[in-house]
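Down below is the structure, laid out as C-alpha cells.
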Amino acid sequence: MISTQLKDRQIIELSGKDIFQFLQGLLTNDICQIKDNILQYSVMLNARGRFLYDFFIFLSDNKIFIDCRSDKIDEIIAKLSIYKLKSEVLITKNEKMKVFFSQNKIKADFIFNDPRSSNMGYRIYNNNDLDINSDISFYHKIRINNKIAEGSWDLTCEKSLILEFAFDKLNAINFEKGCYMGQELTARTYHMGEIRKKIFIANISNISQILSSNEIDALSNSADFLKNNQILYNNEEVGIILSAIIDNNNLLALLLLKYDDDILNKDLKFRDHLIEIN
C-alpha cells in the first residue's frame, strides 16, 4: 500500500442555511449534487473565466468541507467572504483535518474515490495522523502519468483557461447547471471547440545532463520548480513545462503545448535536448 499526506492542502469549513445557494453561483460544478459519501471536484474562476482555485468538496453533518491549497487558504477565505454578502454562511478554517492520498482503502474519518480518475485512488481526510510510507512525489507521479493537471502546480491564477488543461475530463465542470462566475467563456469555448493548447506528458531521459544538481535537488522538494520553462520547436516557443518530478534519472513532466494535428511528430526541445511526448 502506498499512502502519503498531502501537506500542500488544507480544509475550509462552511456552515449555514445558504451554503449551497452561495457556492452554486461561484463554482463550475453543481454543488447541489453533493451528498454524503461523495467527493466533488470543482473550480472557482474569475469574472473573465480564468482559473483562480481548484477544490475538492464534501458534505458531512450539514457542513461543506473544501479541500484547497494551504498556501492560498487565507486568500480563498477572504475571497469567499467578499461574495458572501448577506448570505447566512459561516466560513472558517479547519485546523485539525489533514488530507491524505492512498492507493488502497484505509480506516479514516472520511475516505472517497478521487472524482477525477479511478487511477488516482482514494482521497482521505482525518483529524489525526495516519501511517504513511511515501512522499508526495509518488502522488505527483501518478497524477502526471494520468495527464491530470492540478491547481497552482500547473495552472496560473487569473490567467489559465481550465479547458486547455482538460478539466472537462476531470469531472470538474457541469455544463447544464445555471449561471456561475466565469461561465460564459468556459461554455463558449467548450461548445465552439476553441481550444488552442493542450496538455501532454513528457518523459525526458538522462536528466543529469540537462539539469544542474541544485535544480534536481529543488525538484525533489517542489514539483513546480521548472514551471514555465520553455519548450521549443525550430527555436520558437510552442509550450511550457508545468509540474515535473525526477523519476529514476528521468524527468517526468506535464507540458502545455500549442496544439496542432502534427504536434506528436515535431522535434520538440527542452534546453536543446529532443523530447518525446504523448
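The values are calculated or read from the model by the stated rules, or taken from the named source; none is laboratory data. Since we're looking at a predicted model, the values are computed, not measured. Here Cβ is always computed from backbone atoms with ideal geometry, including for glycine, and neighbour counts include all displayed protein chains.
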Q.
The conditions are (1) within 13 Å of Ala253 (Cα to Cα); (2) under 18 Å from the mean Cα position of the chain (by Cα), and Ile207 fails exactly one of them. Which is it?
A. (2)
Q: Would you point out the residue of the range 38-89, among those that are small (Gly, Ala, Ser) and part of a strand (DSSP E or B), that is farthest from Phe112 (Cα to Cα)?
A: Ser42
Q: Residues being in a loop (DSSP other than H, G, I, E, B), exposed (fewer than 15 other Cβ atoms within 10 Å of the Cβ) and touching a residue at least 12 places away in the same chain (Cβ under 8 Å): count how many of those fall in the range 161-194.
A: 4
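Yes/no per residue for (1) under 22 Å from His140 (Cβ atoms); (2) over 15 Å from the mean Cα position of the chain (by Cα); (3) at pLDDT 95 or above; (4) not aromatic (Phe, Trp, Tyr):
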| residue | (1), (2), (3), (4) |
| --- | --- |
| Met1 | yes, yes, no, yes |
| Asp8 | yes, no, yes, yes |
| Gly25 | no, yes, yes, yes |
| Ile31 | no, yes, yes, yes |
| Ile34 | no, yes, yes, yes |
| Asn37 | no, yes, no, yes |
| Leu45 | no, no, yes, yes |
| Gly49 | no, yes, yes, yes |
**Q.** Condition broken by Tyr53, with the remaining ones in (1) of a type in the set (Phe, Trp, Tyr); (2) surrounded by 15 or more Cβ atoms within 10 Å (Cβ to Cβ); (3) more than 17 Å from the chain's Cα centre (by Cα) satisfied
**A.** (3)
Q: Using the structure shown, decide if Asp61 is over 19 Å from the mean Cα position of the chain (by Cα), at pLDDT 95 or above and at positive phi.
A: yes
Q: From the list Ser243, Ser222, pick out the single residue that is closer than 21 Å to Cys157 by Cα, in contact with a His (Cβ under 8 Å, 6 or more places away or on another chain) and surrounded by 14 or more Cβ atoms within 10 Å (Cβ to Cβ).
A: Ser243
**Q.** Any hit, the range 37-49, residues being exposed (fewer than 14 other Cβ atoms within 10 Å of the Cβ), under 20 Å from Glu176 (Cβ atoms) and either touching a strand residue (DSSP E or B) at 6+ places or on another chain (Cβ under 8 Å) or of a type outside the set (Val, Ile, Thr) (or both)
**A.** yes
Q. Just wondering, is there one or more residues in the range 99-111 that are loosely packed, with under 15 Cβ neighbours inside 10 Å, in contact (Cβ under 8 Å) with a residue 24 or more places away in the chain and farther than 21 Å from Tyr180 by Cα?
A. yes
Q.
Lys93 - would you say it is part of a loop (DSSP other than H, G, I, E, B) and touching a residue at least 12 places away in the same chain (Cβ under 8 Å)?
A. no
**Q.** Of residues in the range 212-236 being touching a strand residue (DSSP E or B) at 6+ places or on another chain (Cβ under 7 Å) and closer than 13 Å to Asn249 by Cα, the one modelled with the lowest pLDDT
**A.** Ser220
Q) If you take the residues in the range 118-156 that are of a type in the set (Asp, Glu) and closer than 23 Å to Ala172 by Cα, which one is nearest to the chain's Cα centre (by Cα)? A) Glu150
Q. Hey, among the residues in the range 247-261 that are assigned to a strand (DSSP E or B) and at pLDDT below 95, which one's nearest to Ile207 (Cα to Cα)?
A. Asn250
(Q) When you check Asp8 against the structure, is it of a type in the set (Asp, Glu) and at negative phi, yes or no? (A) yes
